[in-house]
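The values are calculated or read from the model by the stated rules, or taken from the named source; none is laboratory data. Just so it is clear, the model here is predicted, and its values are computed rather than measured. Here Cβ is always computed from backbone atoms with ideal geometry, including for glycine, and neighbour counts include all displayed protein chains.
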């Protein structure tokens, strides 16, 4: 699966729940809470966390304060601290409001457990949340989180089952269709995956991940002409805002139109698209300008303001640049940072780059072992299959020299 693919924010396990409710009230606690919500909605999660703490200090009896503080901590990657906040919000009393709050905290706990790679606990909390009939608007995100936890624990069929239920409840959930397509693609079900991606595009013309999902699956299936046509459709979108310009620039990169990519990504950056920084880095990396690519990637990471990185493939890209510069220590550090995020859409490329790093470092036997493990998980990666054969040949040649 191509590293540029990015899943919806819930799949990165660091979102704020979209159902924050500003309850009527007054005083310091409510003022701090309202300020925290506003900061969180603007992406200022560290400042939001401080305001949530202030609200809780003034009033320790509001479940929503703990829940929204926990969601903010999820966004900052402080998953264990988030779990503690959710535990404080649990309500034993059985009424509509308590059930709504409990559903949100179970969902928040699921996100946090996913973040610390405790996938069984994440699945359990998703199941508990789905047992509550209130707040059905959350069901789509909960099913998606359940699917990600199942996928991460090796249960691809279970993940598809969760997404089937999501789409059964809402056939127009474009992000759910994309995630199902990505999982099908990882299983080698290319035709079915393409159907999901195309359906997502028909539901939402600006579901950009669907275009790239379709592009990748067509390439995997050897349908290069169809892959190109999908991205040509994307670049034809008119009246593009900063996000659309960023995605069009990304498409130009895939189409090997680097000059066009540079121009439109520069416009997107001027319009405050932080993702444009990442794709500018990719252009520089493709051109072999690794040092300036690193500067762009680093600038992108700083722009996250402490939040969990929305494009975890940046760690794989940084590692790749440092491998080319033969700074293997830095490469290893960035690979570990990326892998610490768990099973994201960058996971495959991170594992691939780890094999390449070991090979470049001359650790051929370790590289061979990791390549074999990789191919058990991703048997359809033809490039890695070739790489594994090359590594085996290098080991064989080295053994022959020793015998002489």
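Here the range 129-161 is the region considered, the condition is being more than 20 Å from the chain's Cα centre (by Cα) and in contact (Cβ under 8 Å) with a residue 40 or more places away in the chain, and the residue that is surrounded by the fewest Cβ atoms within 10 Å (Cβ to Cβ) is 137. Exactly one residue among 2, 41, 54 is surrounded by fewer than 18 Cβ atoms within 10 Å (Cβ to Cβ) and at pLDDT 90 or above, and that residue is 54. Within the range 216-229, does at least one residue satisfy the condition of being buried (at least 23 other Cβ atoms within 10 Å of the Cβ), within 22 Å of residue 312 (Cβ to Cβ) and either touching a residue at least 12 places away in the same chain (Cβ under 8 Å) or not assigned by TED's automatic domain parsing to the domain that holds residue 383 (or both)? Yes: one or more hits.
Scan the range 348-356 and give yes if some residue there is part of a helix (DSSP H, G or I), free of Cβ contacts under 8 Å to residues at least 24 places away in the same chain and over 21 Å from the mean Cα position of the chain (by Cα), otherwise no. Scanning the range 348-356 turns up no residue that is part of a helix (DSSP H, G or I), free of Cβ contacts under 8 Å to residues at least 24 places away in the same chain and over 21 Å from the mean Cα position of the chain (by Cα). Here residue 167 does not qualify as in contact (Cβ under 8 Å) with a residue 12 or more places away in the chain, surrounded by fewer than 23 Cβ atoms within 10 Å (Cβ to Cβ) and outside any helix (DSSP H, G or I). For the range 188-207, state whether one or more residues are in a helix (DSSP H, G or I) and under 20 Å from residue 313 (Cα atoms). No - not one qualifying residue is present in the range 188-207.
Within the range 171-187, the only residue that satisfies the criterion of being in a loop (DSSP other than H, G, I, E, B) and buried (at least 23 other Cβ atoms within 10 Å of the Cβ) is 173.
Yes or no, residue by residue, for (1) part of a helix (DSSP H, G or I); (2) without any contact (Cβ under 8 Å) to a residue 40 or more places away in the chain:
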residue: 212; (1), (2): yes, no
residue: 231; (1), (2): yes, yes
residue: 244; (1), (2): yes, yes
residue: 268; (1), (2): yes, yes
residue: 288; (1), (2): no, yes
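Out of the range 357-372, which residues are part of a helix (DSSP H, G or I) and in contact (Cβ under 8 Å) with a residue 12 or more places away in the chain? Matches in the range 357-372: 357, 358, 359, 360, 364, 365, 367, 368, 370, 371, 372. Please verify whether the range 68-80 includes one or more residues that are over 22 Å from the mean Cα position of the chain (by Cα) and either at pLDDT below 95 or surrounded by 24 or more Cβ atoms within 10 Å (Cβ to Cβ) (or both). Looking through the range 68-80, none of the residues is over 22 Å from the mean Cα position of the chain (by Cα) and either at pLDDT below 95 or surrounded by 24 or more Cβ atoms within 10 Å (Cβ to Cβ) (or both). Of 367, 346, 331, 310, all but one fail to be over 30 Å from residue 395 (Cβ atoms) and either touching a helix residue (DSSP H, G or I) at 6+ places or on another chain (Cβ under 9 Å) or at pLDDT 95 or above (or both); the exception is 310.
Evaluated against (1) closer than 27 Å to residue 42 by Cα; (2) surrounded by fewer than 21 Cβ atoms within 10 Å (Cβ to Cβ); (3) not assigned by TED's automatic domain parsing to the domain that holds residue 266, residue 372 falls short on exactly one condition, (1).
Yes/no matrix, rows are residues, columns are (1) under 23 Å from the mean Cα position of the chain (by Cα); (2) over 30 Å from residue 358 (Cα atoms):
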position: 230; (1), (2): yes, yes
position: 257; (1), (2): no, yes
position: 263; (1), (2): no, yes
position: 268; (1), (2): yes, yes
position: 278; (1), (2): yes, no
position: 281; (1), (2): yes, no
position: 290; (1), (2): no, no
position: 301; (1), (2): yes, no
position: 318; (1), (2): yes, no
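Scanning the range 256-266 for residues that are in a helix (DSSP H, G or I) and surrounded by fewer than 22 Cβ atoms within 10 Å (Cβ to Cβ) returns 258, 259, 260, 262, 263, 266.
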